[in-house]
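Since the structure comes first, as structure tokens, the remarks are kept for the end.
The values are calculated or read from the model by the stated rules, or taken from the named source; none is laboratory data. Keep in mind it's a predicted model, so treat the numbers as computed, not measured. Cβ placement follows ideal geometry from the backbone for every residue including glycine, while neighbour counts extend to all protein chains displayed. Just the protein is used for accessible areas: all its heavy atoms, side chains included, with ligands, DNA and RNA removed. Shrake-Rupley method; radii C 1.70, N 1.55, O 1.52, S 1.80 Å.
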Amino acid sequence: MRLTLRFIVPLVVALTIIAYAVVPLVDRLTLRWFARDMDMRSTLIANAIHDSIQDSLVSGSKTRTLTVFNKILQDERLYALGFCSASGGAPIATWTFPSEIGCADLDRFEDPSRELLQSDKGPLHVAVVGIDADGSRIGNLVLVHDMSFVQRRSEETKRYVLYLFIGLGAVISLITVVIAQLSWRGWMKGVRALLRGEGLFRPAAADHPLPMPELHPIAGDLRALIRDMEAEYRARDESQITWSPDALRAILRNDLRGDDILVVSNREPYMHVRRDGRIEVSRPASGLVTALEPVMRACSGTWIAHGSGSADREVVDAHDRVAVPPGKPAYSIRRVWLTHEEEAGYYFGFANEGLWPLCHIAHVRPTFRSGDRERYMEVNRKFADAVVEEAKTSDPIVLVQDYHFALLPRMIRDRLPEATIITFWHIPWPNPEAFGICPWRKELLDGLLGSSILGFHTRFHCNNFLDTVDRTLEARVDRETLEVTYGGKSTAVKRYPISIEWPPAEELTRKPVSECRADVRKRNHLPPDHFVGIGVDRLDYTKGIVERFLAVERLLEMEPRWIGSFSFLQIAAPSRSAIEEYREFEARVRMLAGRINDRFANGGAPPILLKVEHHEPPDVYEHYRAADVCCVSSLHDGMNLVAKEYLASRDDDRGVLVLSQFTGASRELPEALIVNPYDIDQCAAALHMALTMPVTEQRDRMRIMRGIISEFNVYRWAGRMLLDAAGMRKRVKLQDDRGAG
Ligand code: G6P
């Protein structure tokens, strides 16, 4: 329709202009033709009456002459007749003879290109024909024709010419628009098909004929152009947005028109636990929860998770929902209950004994059991049921989290085909050889490729995933667009480096640094000026806690001045302790801490303070603020949010971060002291450097890193995913509209 209007309006305007230019031209031409006709007619009449008037003129009989003249005047066109004698004097003329014509200036009527004579009777044509007698000119016959009929005809001609142009315009428009529509549709259909990769790589289906072959060469260019425009659009948007809860809400409102948001994760953000007969709320130690909780507070929606707290069932409503955060509800948790067997097989078994070590290079063998895989599948299905139950529309936005749900995206896709499914893999993705160990690799990849978008923290993990798909499935992997087309559907593989809430919640940094320093030292029986290092992790073999303790031991060996003046305080949240590997790991850590303390404590401050217990976020932040150095020495980690939390806690710009090169965070934070955790000497040297770093250098490094996190906070992480989801939904809608149109 728009195309039609865009084309027709200028055409009509152009034709009208042409018509207005042409009509006067036609008018002038017809007038000239008529004038010429009148000249010929006048000569004819003069010749016809020549003989009959010659006599009366020669004889000087004015009456006879007038009789002849009046007889001839019955011709309806001839308006007046007159004779001007060569000897001069007044003309012998009919009474109609115009007074504007004088015998003295007849010459002006002899020019063939003369104008008509405009009289009060209307336009008149005047012709002058000489009358001879006996070989000499006796005078001129003046024939005056009424030309008002020409004016009438000219009006008619103008009207017809105008109609002709209008008709012509309509016909041309119609033909052009029909042709344009037909070929535009054909082109658009072809271009869309090519952009989807159809016809180039796959045979066309019967109901989708092959797109026009002439479009093939431009398909790649078009795709590149669209990608560039999208990247530019995104870069522009991102740089213009101040990433905050309000920014997320604005995206939801404006770009997603308040669409339904569902988050699915294994771990819930709030656990209700019964302690000493009372129900308490606890925040689990999980990077995933740290990142997503502020996002959900901003977005509302529903978070579907395993209800694992001992009092969880006591606080939910009839639909297993509970509003959180307690006292300030902003969204709901929908709890999914698992039997002991389900939890053992799906969570401890397949997810944490199989996929967790498979994806982390931490030299712990993955264990895959078919029974665990069965439970994993059943539980994924259970969560798919919950998603379908919680979805308010047929096309919700579902944010699937982590390796507990590799099969879930496909299950949701099968039941809610229009849903926008964004899956985020919070842990590393290994190379194809390592992933190939998994006996069910194909079904896991198939499950993940049910997603619309699949996100990882780093480009490296995106590439590992694409390599794995390439090796394992019959799928098309486009490395330029980072897209996988599998079973006719595309999944975009994207990098979204996760982050934390910025600025951190006010209650986390309310206590002044000096008080935090004093209180933490006092509680641990350390002198007020004692140097303190901090580590905050789940008690997990991927976190490099053993290597960290060995580095502390090495530091004391290399720099004995730190014996008795430096302690490393390790908060180790108990984790997955039903798994033997984790129990053994805890024993190793405890033993190592004991050995190092035995060696260096000498009755004074122990070099290692190991707290195997869960700490709520305000306690953790108090420790961060009390420490001189924070050590993150993961052997392999998707991102590691402890590093970012430590920086966020230091609004005094003091403290040093020692960071493993094997964390995703190290890519964003080069101003940290980057170490290889397996290189114990290097880590010890980094600890020494941190403890002796001048305050100005601490401040400079801190400011840069805090600046990065403030800009790339978790709202940006979520916002980018939601913007991509919005873009995808708009594109799908446009395609549907075009298809229907
Ligand atoms: C990692 C995983 C999360 C998980 C967290 C805590 O960060 O990526 O999905 O929640 O560890 O582990 P847990 O097994 O206690 O949930």
Which listed residue is part of a loop (DSSP other than H, G, I, E, B) and modelled with pLDDT under 80, from Ser52, Ser154, Ser113: Ser113
How about region 612-633: which of its residues are of a type in the set (D, E, K, R) and either in contact with a helix residue (DSSP H, G or I) (Cβ under 9 Å, 6 or more places away or on another chain) or surrounded by 22 or more Cβ atoms within 10 Å (Cβ to Cβ) (or both)? Glu622, Arg625, Asp628
If I ask for residues that are in contact (Cβ under 8 Å) with a residue 24 or more places away in the chain and either within 16 Å of the ligand (Cβ to nearest atom) or not in a helix (DSSP H, G or I) (or both), which ones from region 308-317 would you list? Ser308, Gly309, Ser310, Ala311, Asp312
Which is open to solvent by less than 20 Å² (accessible area, probe 1.4 Å), under 25 Å from Ile397 (Cα atoms) and out of contact with any strand residue (DSSP E or B) (no Cβ under 9 Å at 6 or more places or on another chain), of Leu454, Leu448, Leu466, Leu444? Leu444
Mind telling me which of the residues Glu622, Glu557 ends up being more than 51 Å from the chain's Cα centre (by Cα), acidic (Asp, Glu) and modelled with pLDDT of 95 or more? Glu557
Does region 80-96 hold any residues that are open to solvent by less than 30 Å² (accessible area, probe 1.4 Å) and either in a loop (DSSP other than H, G, I, E, B) or touching a Cys at 6+ places or on another chain (Cβ under 7 Å) (or both), and which are they? Cys84, Thr94, Thr96
Can you tell me how many residues in region 524-540 are on the phi < 0 side of the Ramachandran plot, away from the ligand (no atom under 16 Å from the Cβ) and either more than 52 Å from the chain's Cα centre (by Cα) or in a loop (DSSP other than H, G, I, E, B) (or both)? 6
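Residues checked against (1) away from the ligand (no atom under 12 Å from the Cβ); (2) outside any helix (DSSP H, G or I); (3) among the acidic types (Asp, Glu); (4) open to solvent by less than 10 Å² (accessible area, probe 1.4 Å):
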{"position": "Trp243", "(1), (2), (3), (4)": "yes, yes, no, no"}
{"position": "Arg249", "(1), (2), (3), (4)": "yes, no, no, no"}
{"position": "Arg253", "(1), (2), (3), (4)": "yes, no, no, no"}
{"position": "Asp259", "(1), (2), (3), (4)": "yes, yes, yes, no"}
{"position": "Arg267", "(1), (2), (3), (4)": "no, yes, no, no"}
{"position": "His272", "(1), (2), (3), (4)": "yes, yes, no, no"}
{"position": "Val281", "(1), (2), (3), (4)": "yes, yes, no, no"}
{"position": "Leu292", "(1), (2), (3), (4)": "no, no, no, yes"}
Go through the residues of region 351-367 one by one and say whether even a single one is away from the ligand (no atom under 15 Å from the Cβ), surrounded by fewer than 23 Cβ atoms within 10 Å (Cβ to Cβ), in contact (Cβ under 8 Å) with a residue 60 or more places away in the chain and not in a loop (DSSP other than H, G, I, E, B). no
Applying the selection to region 688-723, what residues are open to solvent by less than 10 Å² (accessible area, probe 1.4 Å) and of a type in the set (Val, Ile, Thr)? Ile709, Val714
Restricting attention to region 641-687, which residues are part of a loop (DSSP other than H, G, I, E, B), within 18 Å of Arg459 (Cα to Cα) and open to solvent by less than 10 Å² (accessible area, probe 1.4 Å)? Gly664, Leu669
From the list Ser332, Ser370, which residue is open to solvent by 10 Å² or more (accessible area, probe 1.4 Å), in contact with a Gly (Cβ under 9 Å, 6 or more places away or on another chain) and of a type in the set (Ser, Thr, Tyr)? Ser332
Starting from residues that are away from the ligand (no atom under 16 Å from the Cβ) and closer than 25 Å to Val281 by Cβ, keep the ones in region 335-350 and report whichever is least open to solvent (accessible area, probe 1.4 Å). Trp337
Going through region 574-604 one residue at a time, which ones are part of a helix (DSSP H, G or I), without any contact (Cβ under 8 Å) to a residue 12 or more places away in the chain, more than 16 Å from the ligand (Cβ to nearest atom) and open to solvent by 40 Å² or more (accessible area, probe 1.4 Å)? Glu584, Ala587, Met591, Arg595, Asp598
Give the residue, chosen from Thr472, Thr420, that is away from the ligand (no atom under 16 Å from the Cβ), modelled with pLDDT of 95 or more and surrounded by 22 or more Cβ atoms within 10 Å (Cβ to Cβ). Thr420
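Let's see how each residue does on (1) in contact (Cβ under 8 Å) with a residue 60 or more places away in the chain; (2) closer than 20 Å to His461 by Cα; (3) not hydroxyl-bearing (Ser, Thr, Tyr):
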{"residue": "Leu473", "(1), (2), (3)": "no, yes, yes"}
{"residue": "Thr481", "(1), (2), (3)": "yes, yes, no"}
{"residue": "Tyr486", "(1), (2), (3)": "no, yes, no"}
{"residue": "Ser499", "(1), (2), (3)": "yes, yes, no"}
{"residue": "Pro504", "(1), (2), (3)": "yes, no, yes"}
{"residue": "Arg517", "(1), (2), (3)": "yes, no, yes"}
{"residue": "Asn524", "(1), (2), (3)": "yes, no, yes"}
{"residue": "His530", "(1), (2), (3)": "yes, no, yes"}
{"residue": "Asp540", "(1), (2), (3)": "no, no, yes"}
Among the listed residues Ala285, Ala305, identify the single one that is within 13 Å of the ligand (Cβ to nearest atom), among the small types (Gly, Ala, Ser) and outside any loop (DSSP other than H, G, I, E, B). Ala305
If you take the residues of region 618-640 that are in a helix (DSSP H, G or I) and in contact with a Cys (Cβ under 7 Å, 6 or more places away or on another chain), which of them is farthest from Trp717 (Cα to Cα)? Ala626
Residue count, region 380-401, condition under 18 Å from Phe424 (Cα atoms) and open to solvent by less than 10 Å² (accessible area, probe 1.4 Å), comes to 9
Contact list, first residue from region 323-350 and closer than 16 Å to Met377 by Cβ, second anywhere and more than 16 Å from the ligand (Cβ to nearest atom) and part of a helix (DSSP H, G or I), beta-carbon distance below 7 Å, six or more apart or interchain, is Val336/Lys382; Val336/Ala386; Glu342/Glu378; Gly345/Gly371; Gly345/Glu374; Phe350/Arg373
Condition set more than 16 Å from the ligand (Cβ to nearest atom) and among the charged types (D, E, K, R), scope region 394-417, selection nearest to Asn352 (Cα to Cα): answer is Arg410
